[in-house]
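> Before I ask anything, let me first share the structure, which is written out below as structure tokens.
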Amino acid sequence: MNILMMTNTYLPFIGGVERSVQIFSNEFRRMGHRVLIVAPSFADVPEQELDVIRVPALQRFNGTDFSVQLPIPGILSNTLKQFRPDIVHSHHPFMIGDSALRVAAQFKTPIVFTFHTYYERYTHYVPGDSPALKRFVSALATGYANLCDHVFAPSHDVAQELRRRGVVSAIDVVPTGIELNTFAHGNGREFRERFGIPLDAFVVGFVSRIAPEKNVAFLTEAVKWFLSQHQNACFLLIGDGPLMEKVKGEFSEEVVQKRFFHTGTLIAQSLVDAYHAMDVFVFASQTETQGLVVTEAMAAGLPVVALRGPGIGEVVQEQQNGRLVELEEVEVFGKALEWVAGLSPQKLYAVKNSARHSVMHFSQEVCAARALMIYETLLSRKYMVRDHVDSAWEKAKRMIKAELELLKNMTRATGAAIGNASEQE
């Protein structure tokens, strides 16, 4: 099968969407399928990339790590004609996502869309952020999902929310898988020695982009409270982002400064070793659709203390593999950390073992196989017989229809934003 992945963000940027595209693509290839990835250009893009086509983009949009694709019609035509996709898989509902709909129409292929992000929760990166803008991007994503043949939701919570928002396309829960065996084996002792973390310390760990949407302000305050109560505790932070300097400032006080460790972004074995250097993993984001780092931490055998959020309650089980905190209160979260720190060796072993078993169904093999099954079902139902003598007129009609659908979706989203704003006046 020839699978075309189309995404607005990709490596070397490290985030949930990028890793999802990479993980699924690698597993599909391992299973004998060909994958072509279309993504924007970034600074420091690797010179040699396997089946990755880069399109021009504006870099560091509005001071962020993200890029914005430049509309250059026809730039992919020759490559795509040679590749001839069987499936188009879109990972965003705009920009390259729009191009994905056009490609699917051009080649008469089904299009699948993964709803990775609650986009209205990221509008603070856009100049002129407002309630109307949030309504617009939410309606735009919902409308886009309804233009696709199938929607992948990373968790059951997301699937339910998409139905509530009015998505009528077929939806299946297909989370991003991880390589369980890789995360199960790391050298935490060596990692601690490398970064000067005391071997006998109780290490609270966090892996994330350090940004407002990750609820970093609350998490920082809660960890500081815990550190103030436990002199043998340390905080290990993996990642970078716009709030990094502010977080460093929060831990500049002498009482906690020497117990705060920041490594920047880590990948591959260094990231695995970092997980194994931790005693507990913390998570407080309310904007996730899955929380990939939570499953990685649990695959490494870590208890997790997390604030309840989308998808998190499907993985973290109260007092079984960690603590699921219902209230966004500093002391409540800190007390949950104390519960982990106070576990007996026997109970800690059981909790760690439960964490590993809780994520067995998140293996990349299981998740990729589920995605492929859906692809194959789509092909067998609607697209198995292709019109090989497809006239220029038939192609033109499909392309015109795709453009009209995109325009109508934009109009509906604009109406949702303006209409609701008028109702509130």
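The values are calculated or read from the model by the stated rules, or taken from the named source; none is laboratory data. Please read all numbers here as calculations on a predicted model, not as lab measurements. Quick reminder, even Gly has a Cβ in these numbers, built from the backbone with ideal geometry, and neighbours come from all protein chains shown. Just the protein is used for accessible areas: all its heavy atoms, side chains included, with ligands, DNA and RNA removed. Shrake-Rupley method; radii C 1.70, N 1.55, O 1.52, S 1.80 Å.
> When the range 337-366 is examined, which residues are found to be of a type in the set (A, V, I, L, M, F, W, C) and in a helix (DSSP H, G or I)?
Leu337, Trp339, Val340, Ala341, Leu348, Ala350, Val351, Ala355, Met360, Phe362, Val366, listed by residue number.
> From the list Phe113, Phe83, which residue is more than 16 Å from Leu147 (Cβ to Cβ), open to solvent by less than 10 Å² (accessible area, probe 1.4 Å) and either of a type outside the set (Ser, Thr, Tyr) or touching a His at 6+ places or on another chain (Cβ under 6 Å) (or both)?
Criteria check complete, one pass: Phe83.
> What do you reckon, is Gly186 assigned to a loop (DSSP other than H, G, I, E, B), in contact with a helix residue (DSSP H, G or I) (Cβ under 6 Å, 6 or more places away or on another chain) and not charged (D, E, K, R)?
So Gly186 passes the test.
> Looking only at the range 316-336, filter to residues that are open to solvent by 10 Å² or more (accessible area, probe 1.4 Å) and part of a loop (DSSP other than H, G, I, E, B); which one of those is farthest from Ala153 (Cα to Cα)?
Among those residues, the one meeting the criterion is Glu329.
> Separate question: Please go through the range 148-178 and give me each residue that is farther than 19 Å from Glu314 by Cα and in contact with a strand residue (DSSP E or B) (Cβ under 8 Å, 6 or more places away or on another chain), ordered by number.
Scanning the range 148-178 gives Cys148, Asp149, His150, Val151, Val167, Ser169, Ala170.
> Regarding Gln290, is this residue open to solvent by 10 Å² or more (accessible area, probe 1.4 Å), touching a residue at least 40 places away in the same chain (Cβ under 8 Å), under 22 Å from Phe362 (Cβ atoms) and not in a helix (DSSP H, G or I)?
Taking the combined requirement at face value, the residue satisfies it.
> Identify all residues within the range 344-370 that are over 30 Å from Ile171 (Cα atoms) and touching a residue at least 12 places away in the same chain (Cβ under 8 Å); write none if there are none.
Selection gives Leu348, Val351, Lys352, Asn353.
> Does the range 319-350 hold any residues that are β-branched (Val, Ile, Thr) and closer than 26 Å to Arg19 by Cβ, and which are they?
Val325
> Hey, another quick one. Considering each of Gln257, Gln290 in turn, give the residue that is at pLDDT below 95 and in contact with a helix residue (DSSP H, G or I) (Cβ under 9 Å, 6 or more places away or on another chain).
Going through Gln257, Gln290 in turn, the sole match is Gln290.
> Where in the range 190-268 are there strands (runs of 3 or more DSSP E), lying fully within it, with 3 or more residues that are buried (at least 22 other Cβ atoms within 10 Å of the Cβ) and under 26 Å from the mean Cα position of the chain (by Cα)?
Per the criteria, 202-207, 233-238.
> Yes or no: Val305 over 18 Å from His185 (Cβ atoms), touching a strand residue (DSSP E or B) at 6+ places or on another chain (Cβ under 6 Å) and not in a helix (DSSP H, G or I)?
Considered against the rule, which asks whether it is over 18 Å from His185 (Cβ atoms), touching a strand residue (DSSP E or B) at 6+ places or on another chain (Cβ under 6 Å) and not in a helix (DSSP H, G or I), Val305 comes out as yes.
> Which condition number does Val167 fail, the rest of (1) touching a residue at least 60 places away in the same chain (Cβ under 8 Å); (2) open to solvent by less than 30 Å² (accessible area, probe 1.4 Å); (3) assigned to a loop (DSSP other than H, G, I, E, B); (4) more than 30 Å from His357 (Cβ to Cβ) being met?
(1)
> Return the residues of the range 341-354 that are under 14 Å from Gln317 (Cβ atoms) and touching a Pro at 6+ places or on another chain (Cβ under 8 Å); say none if nothing qualifies.
Those that are under 14 Å from Gln317 (Cβ atoms) and touching a Pro at 6+ places or on another chain (Cβ under 8 Å): Val351, Lys352.
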